[in-house]
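The next block holds one structure in the form of structure tokens; read it before the comments.
The values are calculated or read from the model by the stated rules, or taken from the named source; none is laboratory data. Since we're looking at a predicted model, the values are computed, not measured. FYI the Cβ positions are ideal-geometry reconstructions off the backbone, even for glycines, and counts take in every protein chain you see. Ligands, DNA and RNA are excluded from the accessible area calculation, which covers all protein heavy atoms including side chains. Shrake-Rupley method; radii C 1.70, N 1.55, O 1.52, S 1.80 Å.
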Amino acid sequence: MKINVMNGEMKQEEIDSYVKYLGEKFPDKEIATLDLKIDGDFVDMNYTFVNNVPFERIRRITGYLVGTVDRFNNAKRAEEKDRVKHDVCCSTL
């Protein structure tokens, strides 16, 4: 794990307490990086995990749940291209 302390210095005991906190909060994940940014009396934590799997956007297109349309045939691609997207409009009372 790579640990960065920014905007000041921090005792090793305090760093260890943040690492322990994250280990208890995420017991099934391994932390890759931990950035500790000192902001006065506060500390901001930014961390990433090893093997962090990015989220894939899934949409409902023409009745199918898909992430991409790369497996659609030409007819389905045309149907997706021609679909009408509706706006949601709110009225004020």
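Please determine, by comparing only the residues of region 46-64 that are among the polar types (S, T, N, Q) and part of a loop (DSSP other than H, G, I, E, B), which one is nearest to residue 81 (Cα to Cα). It comes out as 62. Restricting the first member to region 35-59 and to residues that are over 19 Å from residue 15 (Cβ atoms) and modelled with pLDDT of 90 or more, and the second to residues that are surrounded by 10 or more Cβ atoms within 10 Å (Cβ to Cβ) and among the hydrophobic types (A, V, I, L, M, F, W, C), no beta-carbon pair is closer than 7 Å while six or more apart or on different chains.
For every residue, the table says whether it meets (1) β-branched (Val, Ile, Thr); (2) surrounded by 14 or more Cβ atoms within 10 Å (Cβ to Cβ); (3) assigned to a loop (DSSP other than H, G, I, E, B).
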{"residue": "10", "(1), (2), (3)": "no, yes, yes"}
{"residue": "18", "(1), (2), (3)": "no, yes, no"}
{"residue": "21", "(1), (2), (3)": "no, no, no"}
{"residue": "28", "(1), (2), (3)": "no, no, yes"}
{"residue": "37", "(1), (2), (3)": "no, yes, no"}
{"residue": "44", "(1), (2), (3)": "no, no, no"}
{"residue": "68", "(1), (2), (3)": "yes, no, yes"}
{"residue": "71", "(1), (2), (3)": "no, no, yes"}
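Taking the criterion of being of a type in the set (A, V, I, L, M, F, W, C) and within 11 Å of residue 49 (Cα to Cα), the residues of region 11-36 that qualify are 22, 26, 31, 32, 34. Is it the case that region 49-56 has a residue that's open to solvent by less than 90 Å² (accessible area, probe 1.4 Å) and within 17 Å of the chain's Cα centre (by Cα)? Looking through region 49-56, at least one residue is open to solvent by less than 90 Å² (accessible area, probe 1.4 Å) and within 17 Å of the chain's Cα centre (by Cα).
Note on region 66-84: among residues that are modelled with pLDDT under 80 and of a type in the set (A, V, I, L, M), the one that is nearest to residue 16 (Cα to Cα) is 66.
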